[in-house]
Amino acid sequence: MKTKCKIGDLGQVVTGKTPSTSKREYYGHEYPFITPSDITGSFHVTPATYLSSEGARLLNKIMIPAKSVCYTCIASIGKICVTKEDSFTNQQINSIIVDEEKNDFRYVYYLLKFYTNHIKAIATGAATPIVNKERFSNVEVSVHKLDKQKRIADILSAYDDLIENNQKQIRLQEEAAMLLYKEWFVNLRFPGYENTKIVDGVPEGWELTTVKEMGQVITGKTPSTAIVENYGEDIPFVKIPDMHGVIYPLKTEVKLSERGANTQKNKFLPPKSIMVSCIATVGLVCITHEVCQTNQQINSIVLNDEDHLYYMFFKMKGIKSLLEGVGSNGATMTNVNKTKFENIELLKPENEILKKFNNLVEPFFSNILALSKQNEKLKEARDKLLSKLMSGEIEV
């Protein structure tokens, strides 16, 4: 038996706000500050930004406690997560502080996932879809009784627990590879360093080069959206939102048809290419695992030598501030064009060292890819079950 109510009846709805970014004292390490780019399909998130105690005091009235359900209501409508501790969000997110005497917070999370298509359909705004607080709060939903809510949440959260555990393993694998990168190429304690001569602060045999000398740089492009036949299910089409929080973008929001991809044959990327976001949100770095294309906000490197892959991956991750500087031209949007990107200078170690490094960290990245694929399968299974449990097709 289900009863109808409005989202606003499930708990208190709170809309977030961003403290002035010009006041550095508002930002620190104390309180999570969640934005849509932090939400990548996981039950919980680890945001890129935190507020200081001073920033938290400024927004004290809209602080959300642990077990609040955050739902993106501007632009990327439907991205959803649950807080682990006292947190804040930006203005793109409406959060529900769930009334736990009447509702299970986990169930509310899954309920909103189930109603996402409906919520998207009521959005206003052509260029940027928006569901404001009032409209969001007034969405009508059908809700199970509390005891059944808990049973449904127990079943679905088992999948999310597995996903979260895999993500912890992915982070550990990446951290292990990163530590080795820093030891060899930042601290310069690579194999044989004791017997290597240092010339002007650089190990002998290492050379200064540019991105374009490491491989072909390809700037993506978007096929005409006016031609519906350009889009389909054939070729993954990577955009910046697909790159957040992942090394391998296994799932893209948009795919091209073969016809659409073939209108720009020079934009195909093979597996083991490196993608770098270079417009607006700069410095996100991912690796392709299959043939794909990207939009124009991404510059990619098709490497001359695959033994340079993981060195270049970490090297690109380490130049975010450089990209922001190179792309700052007085305009409001940071833009690192192809010429600027391919002429970025970097230090290239000897090939033998790069090959050794690549071989050592390859197992870490193989594990990351396998765990990422496993997570996608878990998400698919969870979402199919979610639909059946919420609709009553499966009774519990």
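The values are calculated or read from the model by the stated rules, or taken from the named source; none is laboratory data. What you see is a predicted model, and the numbers here were worked out from it, not measured in a lab. Note that each Cβ is placed from the backbone with ideal geometry, even for glycine, and that neighbours are counted across all protein chains shown.
Which of the residues that make up segment 24-40 are surrounded by fewer than 19 Cβ atoms within 10 Å (Cβ to Cβ) and in contact (Cβ under 8 Å) with a residue 12 or more places away in the chain? Break it down stepwise before answering.
Of the residues in segment 24-40, the ones surrounded by fewer than 19 Cβ atoms within 10 Å (Cβ to Cβ) are 24-25, 27-30, 40.
Hits for segment 24-40 are Glu25, Tyr27, Gly28, His29, Glu30, Thr40.
Name the residues in segment 94-131 that are within 24 Å of the chain's Cα centre (by Cα) and part of a loop (DSSP other than H, G, I, E, B), would you?
Answer for segment 94-131, where residues must be within 24 Å of the chain's Cα centre (by Cα) and part of a loop (DSSP other than H, G, I, E, B): Tyr115, Ala123, Ala127, Thr128, Pro129, Val131.
When only residues in segment 173-195 that are assigned to a helix (DSSP H, G or I) and aromatic (Phe, Trp, Tyr) count, which is farthest from Leu346 (Cα to Cα)? Steps first, answer last, please.
So in segment 173-195, the residues assigned to a helix (DSSP H, G or I) come out as 173-185, 193-195.
Filter again for aromatic (Phe, Trp, Tyr), leaving 181, 184-185, 193.
On the way: Tyr181: 15, Trp184: 15, Phe185: 12, Tyr193: 20 Å.
Taking the candidates together, the pick is Tyr193.
If Lys384 satisfies every condition in (1) under 21 Å from the mean Cα position of the chain (by Cα); (2) under 30 Å from Leu112 (Cβ atoms) but one, which is the exception?
The number of the failed condition is (1).
Among the residues of segment 305-316, are any of a type outside the set (Gly, Ala, Ser), in the same structural domain as Phe268 (by TED's automatic domain parsing) and farther than 26 Å from Leu188 by Cα? Reasoning before the result, please.
Quick first cut of segment 305-316, residues of a type outside the set (Gly, Ala, Ser) only: 305-316.
Checking the rest, the ones that are also in the same structural domain as Phe268 (by TED's automatic domain parsing) come to 305-316.
Checking which are farther than 26 Å from Leu188 by Cα leaves us with none.
Looking for residues that are of a type outside the set (Gly, Ala, Ser), in the same structural domain as Phe268 (by TED's automatic domain parsing) and farther than 26 Å from Leu188 by Cα, one finds none in segment 305-316, hence no.
Across segment 14-57, what is the number of residues that are farther than 27 Å from Asp383 by Cα and in a helix (DSSP H, G or I)?
8
Does segment 132-154 hold any residues that are assigned to a helix (DSSP H, G or I), crowded, with 16+ Cβ neighbours inside 10 Å and not basic (Lys, Arg), and which are they?
Those that are assigned to a helix (DSSP H, G or I), crowded, with 16+ Cβ neighbours inside 10 Å and not basic (Lys, Arg): Phe136, Ser137, Gln149, Ile152, Ala153.
Which condition number in (1) without any contact (Cβ under 8 Å) to a residue 12 or more places away in the chain; (2) assigned by TED's automatic domain parsing to the domain that holds Gln167 is the one that Asn329 fails?
Only one criterion in (1) without any contact (Cβ under 8 Å) to a residue 12 or more places away in the chain; (2) assigned by TED's automatic domain parsing to the domain that holds Gln167 is unmet by Asn329, namely (2).
For residues that are within 16 Å of the chain's Cα centre (by Cα) and of a type in the set (A, V, I, L, M), scanning just segment 67-81, find the one that is modelled with the lowest pLDDT.
This residue is Ala75.
Just one of Glu213, Glu194 is within 25 Å of Gln297 (Cα to Cα) and either in contact with a His (Cβ under 6 Å, 6 or more places away or on another chain) or surrounded by fewer than 18 Cβ atoms within 10 Å (Cβ to Cβ) (or both); which is it? Spell out the reasoning first.
Numbers: Glu194 fails: within 25 Å of Gln297 (Cα to Cα).
When all the criteria are applied, what remains is Glu213.
One line per residue, one yes/no per condition, for (1) among the aliphatic types (A, V, I, L, M); (2) closer than 18 Å to Ser76 by Cα; (3) not assigned by TED's automatic domain parsing to the domain that holds Phe43:
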site	(1), (2), (3)
Glu233	no, no, yes
Met243	yes, yes, yes
Tyr248	no, no, yes
Lys255	no, yes, yes
Asn266	no, no, yes
Pro271	no, no, yes
Val291	yes, no, yes
Asn295	no, yes, yes
Ile298	yes, no, yes
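Just to be sure I understand, how many residues within segment 356-382 are surrounded by fewer than 16 Cβ atoms within 10 Å (Cβ to Cβ) and of a type in the set (D, E, K, R)?
5
Please work out which one of (1) of a type outside the set (Gly, Ala, Ser); (2) in a loop (DSSP other than H, G, I, E, B); (3) loosely packed, with under 11 Cβ neighbours inside 10 Å is the condition Leu208 fails and give its number.
Looking at each condition in turn, Leu208 falls short on (2).
Against the conditions (1) farther than 27 Å from Leu385 by Cα; (2) under 19 Å from the mean Cα position of the chain (by Cα), where does Ile64 fall short? Just the number, please.
(2)
Hey, can you tell me all the residues within segment 240-283 that are among the aromatic types (Phe, Trp, Tyr) and either in contact with a helix residue (DSSP H, G or I) (Cβ under 6 Å, 6 or more places away or on another chain) or not in a loop (DSSP other than H, G, I, E, B) (or both)?
Applying the first criterion (among the aromatic types (Phe, Trp, Tyr)) to segment 240-283 yields 248, 268.
Matches in segment 240-283: Tyr248 only.
Out of the residues in segment 162-185 that are touching a residue at least 40 places away in the same chain (Cβ under 8 Å) and of a type outside the set (A, V, I, L, M, F, W, C), which is farthest from Ile80 (Cα to Cα)? Break it down into steps so the answer makes sense when it comes.
Going through segment 162-185, the residues touching a residue at least 40 places away in the same chain (Cβ under 8 Å) turn out to be 162-164, 166-167, 169-170, 173-174, 176-178, 180-181, 184-185.
After this cut, where a residue has to be of a type outside the set (A, V, I, L, M, F, W, C) as well, the list is 164, 166-167, 169, 173-174, 181.
Working: Glu164: 15, Asn166: 19, Gln167: 17, Gln169: 22, Gln173: 26, Glu174: 25, Tyr181: 34 Å.
Filtering segment 162-185 for residues that are touching a residue at least 40 places away in the same chain (Cβ under 8 Å) and of a type outside the set (A, V, I, L, M, F, W, C), the one farthest from Ile80 (Cα to Cα) comes out as Tyr181.
Out of (1) of a type in the set (Gly, Ala, Ser); (2) in the same structural domain as Leu180 (by TED's automatic domain parsing); (3) at negative phi, what's the single condition that is false for Gly392?
(3)
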